[in-house]
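Take a look at the structure set out below.
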Amino acid sequence: MNQKTVDKFLARVSDEPTEKGCILWKGAIHNRKGYGYMRVDGKNVLAHRLAWEVTRGEPVPDGMLVCHKCDVTSCVTGSHLFLGTIADNNADCVKKGRHVKGSRVGGAKLNEASVAELRALHASGAATKDLTVRFGIALRTVQYTVAGKRTWRHVK
């Protein structure tokens, strides 16, 4: 990375860390999740990826994500960042309780109570096809929900 890009990056970070030790991005914010970005060679590059390169002096390897230990999307503190795969990032999300499941998933047609009801009806002999009509969901969704192995595992 050239010095002009490094200087441009450093001009867009906060001077003082937060209580958690995060140095925050003061530049443009890319999306509703709060990730910062900066134009580099005509492309938008996420600020935390730039932070990785600036603090480590090496590019992010192909296929790798730069993840936040602190879970602060606008944080560009080098020591708060780690490399990981999509699977690593998802596992980190689950471990920290940040993933969305159940009725909190956008577009969910069921909620925890209706899942319990669906399972009870199925256990008492209700036909799967009848359950698809009653709950307004696909056959496969009924099968997955009843099995509890792929969806709605958190509902007992």
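The values are calculated or read from the model by the stated rules, or taken from the named source; none is laboratory data. Given the structure is predicted, the values throughout are model-derived calculations rather than measurements. Virtual Cβ from ideal backbone geometry, glycine too; neighbours counted across all protein chains shown. Note: areas computed on protein heavy atoms with side chains; ligands, DNA, RNA excluded. Shrake-Rupley method; radii C 1.70, N 1.55, O 1.52, S 1.80 Å.
Scanning region 113-124 for residues that are in contact with a Ser or Thr (Cβ under 9 Å, 6 or more places away or on another chain) and within 30 Å of residue 17 (Cα to Cα) turns up nothing. Of the listed requirements (1) under 21 Å from residue 86 (Cβ atoms); (2) in a helix (DSSP H, G or I); (3) open to solvent by 70 Å² or more (accessible area, probe 1.4 Å), residue 7 misses just one: (1). Of the residues making up region 79-95, those that are open to solvent by 60 Å² or more (accessible area, probe 1.4 Å) and either farther than 29 Å from residue 143 by Cα or of a type in the set (S, T, N, Q) (or both) are 79, 90.
Listed by first and then second residue, the pairs with beta-carbon distance under 9 Å, at least 6 apart or on different chains, first residue in region 23-36 and exposed (fewer than 13 other Cβ atoms within 10 Å of the Cβ), second assigned to a loop (DSSP other than H, G, I, E, B) and of a type in the set (Ser, Thr, Tyr), are 33/73. Checking each residue in region 107-122 for being within 13 Å of residue 141 (Cα to Cα) and of a type in the set (D, E, K, R) picks out 109, 119.
Rundown of residues vs (1) small (Gly, Ala, Ser); (2) open to solvent by 30 Å² or more (accessible area, probe 1.4 Å), yes/no style:
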residue: 114; (1), (2): yes, no
residue: 120; (1), (2): yes, yes
residue: 124; (1), (2): yes, yes
residue: 133; (1), (2): no, yes
residue: 145; (1), (2): no, no
residue: 151; (1), (2): no, yes
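In the set 54, 76, 40, 72, only one residue is surrounded by 15 or more Cβ atoms within 10 Å (Cβ to Cβ), in contact (Cβ under 8 Å) with a residue 60 or more places away in the chain, among the aliphatic types (A, V, I, L, M) and in contact with a Ser or Thr (Cβ under 9 Å, 6 or more places away or on another chain); that residue is 76. Collect the residues in region 21-78 that are farther than 18 Å from residue 11 by Cβ and part of a strand (DSSP E or B), keeping them in residue-number order. Scanning region 21-78 gives 43, 65, 66, 67, 68.
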